[in-house]
Amino acid sequence: MVAGNVDAGSGAYSHPMELNALGKKIETICQFGIAPGEAEVIDARKASSIRSPADLLGKNLGVTSIGSGTHTLTLAILGKAGVDPTKEHFIAVGAGDTFIAGIDQQKIDGGMTTEPTISRLVSTGKGKILVSLMTPTDTRAALGGDYPFIGIFAKNDWVNSNKGVAQRLVNAYVKTLKFMHSHTAAEIADKMPPAFYANDKALYVAALQNQLSIFGTDCKMPAGGPETVMSIQQKYVPSFKGKTSNLSETYTNEFANKAS
């Protein structure tokens, strides 16, 4: 998106904030993920020695990719526990089968991942949740405030020049969110491609039910969320220390307000 290959993308709100500090103007136009929906899941075989985030010191920790939203969340969990992130070994293991393989093969001691990977690990006894960010309530307890995660973002100048397209995009997401909050997890699952089930539709439905609270209802940015994210970035992400962002340039509720 920054290179101009696509007009809009989906990812963690922390990315517009990080880019803004570098002088690159990207803004979230629909914040549909009002909490991460992630969890730090450890290898169940090591549960006796890893009982709290402080016990992650020196461990091999899986993240989706280096610099990803899951990497930032892991740094926040470690930082709040007083763990020096430079003493950690972060390994990009993706999600789903590749994350589970990392646990199976003991390439990682644990890592930050999402559903249905969390439920697949826990239900088989391979993994144990160490820190949950799976609901807004869990997230506030772990991080000290609302932490808006996945949304739709685009370059500020593209948004300003294509407001009609941006509005239609946000309208579609608001319509989707309203559908999700007026149907059961099973009804939502029936609309998804079978590949999403990973050969276990019942587990997928249960995992989706666990996560419904992380999806907002209107694409609006949670009040105070941007401030929480920037505070975490400044305190715990080495590459962001000493930097700041103009939060008003990193998101807008303009289209969500009109969609509602």
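The values are calculated or read from the model by the stated rules, or taken from the named source; none is laboratory data. Being a predicted model, the structure only gives us computed values, none of them experimental. When we count neighbours, we look across all protein chains shown, and the Cβ atoms used for this are built from the backbone with ideal geometry, even at glycine. Each accessible area value is taken on the protein alone, full model and side chains, heavy atoms only, with ligands, DNA and RNA left out. Shrake-Rupley method; radii C 1.70, N 1.55, O 1.52, S 1.80 Å.
Of the residues in the stretch 236-248, none is among the hydrophobic types (A, V, I, L, M, F, W, C), at pLDDT below 95, open to solvent by 30 Å² or more (accessible area, probe 1.4 Å) and assigned to a loop (DSSP other than H, G, I, E, B).
Might you check whether a residue that is within 22 Å of the chain's Cα centre (by Cα), over 24 Å from SER239 (Cα atoms) and of a type in the set (Val, Ile, Thr) occurs anywhere in the stretch 88-101? Yes. A single member of SER65, SER49 is of a type in the set (Ser, Thr, Tyr) and either at pLDDT 95 or above or touching a Ser or Thr at 6+ places or on another chain (Cβ under 9 Å) (or both), and it is SER49.
For the stretch 140-152, enumerate the residues that are within 23 Å of ILE26 (Cβ to Cβ) and in contact with a Phe, Trp or Tyr (Cβ under 9 Å, 6 or more places away or on another chain). Don't jump to the end; show me each part of the working.
Taking the stretch 140-152 and keeping what is within 23 Å of ILE26 (Cβ to Cβ), we get 143, 145-152.
Scanning the stretch 140-152 gives TYR147, PRO148, PHE149, ILE150, GLY151, ILE152.
Within the stretch 223-235, the set of residues being closer than 17 Å to THR72 by Cβ and open to solvent by 20 Å² or more (accessible area, probe 1.4 Å) comprises GLU227, THR228, MET230, SER231, GLN234, LYS235. Residue selection: LEU75 satisfies the criterion of being touching a Pro at 6+ places or on another chain (Cβ under 7 Å) and open to solvent by 10 Å² or more (accessible area, probe 1.4 Å). In the stretch 34-54, the residues that are farther than 17 Å from PHE215 by Cβ and without any contact (Cβ under 8 Å) to a residue 40 or more places away in the chain reach residues that are open to solvent by 30 Å² or more (accessible area, probe 1.4 Å) and not hydroxyl-bearing (Ser, Thr, Tyr) with C-beta atoms within less than 7 angstrom, at least six apart or across chains, in these pairs: SER49/ASP55; ALA54/ALA81; ALA54/GLY82.
Here MET180 meets the list (1) at pLDDT 95 or above; (2) within 17 Å of the chain's Cα centre (by Cα) almost entirely, failing just condition (2). Applying the selection to the stretch 2-40, what residues are open to solvent by 40 Å² or more (accessible area, probe 1.4 Å), of a type outside the set (S, T, N, Q), over 16 Å from ASN253 (Cβ atoms) and part of a loop (DSSP other than H, G, I, E, B)? Scanning the stretch 2-40 gives VAL2, ALA3, GLY4, VAL6, ASP7, LEU22, GLY23, LYS24, LYS25.
Once the stretch 42-64 is narrowed to residues that are in contact with a helix residue (DSSP H, G or I) (Cβ under 7 Å, 6 or more places away or on another chain) and open to solvent by 10 Å² or more (accessible area, probe 1.4 Å), the residue that is nearest to TYR13 (Cα to Cα) is THR64. For GLN106, which of the numbered conditions (1) within 21 Å of ASP55 (Cβ to Cβ); (2) in contact with an Asp or Glu (Cβ under 6 Å, 6 or more places away or on another chain) fails to hold? Failed condition: (2).
Here is the figure for the stretch 40-61: residues that are more than 16 Å from SER132 (Cβ to Cβ) and touching a Lys or Arg at 6+ places or on another chain (Cβ under 8 Å) total 4. Do we have THR86 as crowded, with 22+ Cβ neighbours inside 10 Å, part of a helix (DSSP H, G or I) and in contact with a Pro (Cβ under 9 Å, 6 or more places away or on another chain) here? The answer is no for THR86.
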